[in-house]
Amino acid sequence: MLNKILKIILVLDLVAVNGLLIYQLTILNSQIISNELISKNETSVEQIDQCGEECREEIRNQVANLQIKDQKLVLPTMVPTVTPTPKPVVKSVVKKVRREEILTIPGSGSTGATDWANLSGTEFYFDTRDYPGLVEVYFEANMRLVSGGGSAYVRLYDVTNNISPVGGQNDTKSQVDIWTKSQKVYFWAGKNLIRVQAKTLVPDTTVYNSGKLRIVTEN
């Protein structure tokens with residue numbers, strides 16, 4: 001009987017030390033479990049046979065207890081990490097309003113010169129800073145050529161900077177009063193004194209009746 005008890009103690013010790021091995025052995029029948037345990041501890045098959053039915057029954061009971069304990073183990077639930085989908089940033093679009101403003105140019109005049117001549121009384125000041133959101137400026141002139149032998153020309157002249165602004169020139173061959181429009185005019189920055197000049201390329205007379213700036217802003 002003492003020999004049986006020692007064998008049982010040996011089996012229990014192996015169960016405690018080799019828990020993983022016992023867990024794997026739970027899927028086998030009791031005979032295979034007994035053979036594996038004895039093989040791990042270098043015990044012969046004959047010694048297992050000498051264990052007897054009572055010894056074998058005790059081993060089966062211990063294995064059954066391990067199975068019950070294993071069934072009670074609750075593995076933590078693996079909750080997948082959910083990565084939120086980034087929402088696109090919607091930028092509010094501010095629609096700019098386009099406006100036109102008319103600046104009337106004072107004075108009028110005429111000349112028969114074949115080189116640029118100042119038309120008195122046509123001076124005015126223009127400052128780009130007075131028009132926030134300035135997009136473009138056009139020079140419009142009401143003019144004609146008297147005899148029709150060539151072309152009549154008028155232009156804007158920057159007296160402050162002693163330069164003619166790019167795009168600020170109009171011409172016509174019409175012998176009746178007609179409105180003409182220049183290309184986009186590029187004024188120098190700052191407050192500058194501007195005047196109107198006129199000329200012809202042949203002996204004739206250019207008549208300038210009136211003029212205006214068409215100013216386009218966008219805000």
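Quick one: compute a quarter of the convex hull surface over the Cα atoms of the stretch 156-215 and quote it in nm². Please report the intermediate quantities before stating the final value.
Numbers: hull surface 18.9 nm².
Spelled out: convex hull of the Cα atoms, projected over all directions, averaged, 4.7 nm².
Using a 10 Å cut-off on Cβ atoms, rank the peptides 189-202, 83-96, 125-138 from the highest mean neighbour count down.
Values: 189-202: 17.5, 83-96: 6.1, 125-138: 14.8.
Ranked from most to least packed, the peptides come out as 189-202, 125-138, 83-96.
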Self-check item: For the stretch 98-218, Kirkwood radius (reciprocal of mean inverse C-alpha pair distance, Å)
Solution: 14.4
Quiz item: What percent of all Cα-Cα pairs in the stretch 92-133 falls in each 10 Å bin, counting up from 0?
Solution: 19, 32, 25, 15, 7, 2
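Here, each number is a calculation from the coordinates, and none is a lab measurement. On a predicted model such as this, the values are computed, not experimentally measured, just so you know. Using ideal geometry, Cβ is built from the backbone for each residue, glycine included, and neighbour counts are taken over all protein chains shown.
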